[in-house]
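Chemist: To start, I am sharing the structure in question, which I have written as structure tokens.
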Amino acid sequence: MDSTTLWLCVIIVMMFAGFLAYLFYQQREGAKNEKNVTGDSSNTQLRLQAYERLTLLVDRIALPNLISRVNQPGISAKDMQLLLTRNIKEEFDHNITQQIYVSADGWNAVKNLKEQNMLVVNQLANALPPNATGLDLNKLLLEYLMTDKKGQLHEVVSEVLSYEAKKLL
């Protein structure tokens, strides 16, 4: 084999190797792009599910809904206070991991609602006489909610979460 033929074979092998490298690169880039598209889609889905769960949380810890769900006739105001605050904490703790999927503003709104509701329950319960019933506390809470704009905080938080979720769509 003369040197010209050898060089021709080397050039053909190198071109073939270059072509294979190009195909490998294209295949890898295509897989990466597909993964990014799928990753973005699944990330958006996770974020939407987080907003959905937090919206449900807000609804569950909204004081009117909470009162109707956990009301137990015949218990003391102190026991009702403990029942309400425990339920708020449990609902919140159950959904605490959702904070990694939502905006800081959205999470802070949920956190503030939790804190505000617990504060209202505790303050109003402490304002009642020692022999007050759970029904007395529930009535006082509902009266507060009807007269104070802070009582409607759960509606504002729901709107914030809904707005942020719609921005993802």
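Chemist: Which parts of region 131-169 would a label at Leu48 reach, counting a residue when its backbone N lies under 17 Å from a point 7 Å out along Cα-to-Cβ?
Modeler: Correct set: 161-169.
Chemist: In terms of the ratio Rg/(2.2 N^0.38 Å) built on C-alpha atoms, what value belongs to region 48-168?
Modeler: For region 48-168, the normalised Cα radius of gyration comes out at 1.09.
Chemist: Could I ask something else about it? Order by neighbour count: Leu140, Leu135, fewest other Cβ atoms within 10 Å first, most last.
Modeler: With the fewest neighbours first, Leu140, Leu135 line up as Leu135, Leu140.
Chemist: If you don't mind, there's one more thing I want to ask. Please report the spacing between the Cα centers of region 115-135 and region 44-58 in Å, no decimals.
Modeler: 30
Chemist: Something else now. Summing Lys, Arg as +1 and Asp, Glu as -1, what charge do residues with Cβ under 14 Å from the Cβ of Leu48 carry, Leu48 excluded?
Modeler: Computed value for this residue: +1.
Chemist: Mind counting lysine pairs for me in region 48-168? Cα separation below 29 Å, and the two need to be 8 or more apart along the chain or on different chains.
Modeler: Summing the qualifying lysine pairs gives 29.
Chemist: Sticking with this structure for a sec: Can you run phi through the Karplus equation (6.51, -1.76, 1.60; θ = phi - 60°) for region 126-131 and list ³J(HN,Hα) in whole Hz, with x for Gly and Pro?
Modeler: 6, 7, 7, x, x, 9
Chemist: I need the calculated FRET efficiency for the pair Asn122 and Tyr163, taking r as the beta carbon distance and R₀ as 35 Å, to the nearest 0.05.
Modeler: 0.70
Chemist: Which value in nm describes the separation of the simple spin-label points at Lys139 and Ser103, placed 7 Å from the Cα toward the beta carbon?
Modeler: That separation, rounded to one decimal, is 4.3 nm.
Chemist: Take the Cβ-Cβ distance between Glu29 and Ile96 as r, set R0 to 30 Å, and report the resulting FRET efficiency rounded to the nearest 0.05.
Modeler: 0.20
Chemist: Using amide H atoms built 1.01 Å from N in the peptide plane, name the residues 5+ places from Ala132, or on other chains, whose amide H lies under 5 Å from its own.
Modeler: When sequence neighbours closer than 5 places are left aside, the close amide H contacts are Ala77.
Values quoted throughout were computed directly from the atomic coordinates according to the rules given, and no laboratory measurement underlies them. Not measured: the values here are computed from a predicted model. When we count neighbours, we look across all protein chains shown, and the Cβ atoms used for this are built from the backbone with ideal geometry, even at glycine.
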